[in-house]
Amino acid sequence: MPSAEEQMLIAEKVRSGEYFREARSMYDLSVHDPMADRYLYVFVTALSLLIFLIAFIAAQELYPLQRSIPFIVKTDDIVDELPRIHNLITKSGESPSDAVLRFLVDNYVIFREEYDIDHLDRDMSGVAGQSTPALFKLYQRAINPSNPESPIALYQRHSRRIITIESERRQPDDPSAMRVIYEATVDTYDDTRIDIKKSRWQADIAFNYGGVALDEKTGKVKPLQFVVTRYRNKRIQD
């Protein structure tokens, strides 16, 4: 119990209003200050989480720790010609080796049969890299401008020939041969209109193909071997 002097001091503070000012100060100290500290803790926690997230994303960008090999892609229209990765296996149950073979055969037919003056060097390099020397000489003779049937003589700069693969099938009597059916579209440009002609063709291809295999020592894929040894082409529908 407070003494008489303490009671008189409290009564004096009540009369002067100092008692209530002290009570309000104590209330602010006990209630409002922790609320301000709580908001500060929430802000510091949110800032820490943001810093951690940025640091985590930056660390993720460091992996995998391997050397990036740059390559150059020539393009006239980056929107239409932007390189994209597609799954080669489009048939249920098809092995990766067969899918790669189908892609190589289709690609060879496109290199050999399409014509675009802007891509002629690329197509010739593709045929040269996947043909035997004797077969490539026949190809060079066929596209020589002195040959009236050469696409260079026929189409020059006013036309282009686009190849669309329709089907490919392994020959039952020869596992190292394949028959490809494709559509050829010839676009001819002049000052007034565009003339489009379509035809269907059949290409019979014989090849040496090593298949997709792993090296038992290194566990890496062995270098792929694909060489076309024979190529025959004929029109089947105008």
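Take Ser3, Ser92 and order them by how many other Cβ atoms sit within 10 Å, fewest up front. Provide the component values of the computation, followed by the final result.
Details: Ser3 8, Ser92 5.
The most exposed by this proxy come first: Ser92, Ser3.
Under 25 Å Cα to Cα from Lys222, which lysines show up? Leave out anything in the same chain fewer than 8 places away.
Candidates past the 8-residue exclusion: Lys91.
Once the convex hull of the C-alpha atoms of the stretch 94-237 is built, how many Å³ does it hold per residue, rounded to a whole number? Intermediate results must be reported in sequence, preceding the final value.
Values: hull volume 19.5 nm³, N = 144.
Spelled out: Cα convex hull of the stretch 94-237, divided by residues, is 136 Å³.
If you count, for each residue, the other Cβ atoms within 10 Å and average over each peptide, how do 184-190, 103-109, 84-90 line up from highest to lowest? All intermediate terms of the calculation are to be shown ahead of the outcome.
Working: 184-190: 13.9, 103-109: 19.6, 84-90: 8.9.
In decreasing order of mean packing, 184-190, 103-109, 84-90 become 103-109, 184-190, 84-90.
Reachable lysines from Lys137, Cα under 20 Å, same-chain residues fewer than 8 places away excluded?
Cross-link targets: Lys234.
Rule-based calculations on the coordinates, nothing more; no lab input. No experiment lies behind these values; they were computed from the predicted model shown. So basically every Cβ, Gly included, is an ideal-geometry build from the backbone, and we count neighbours across all protein chains shown.
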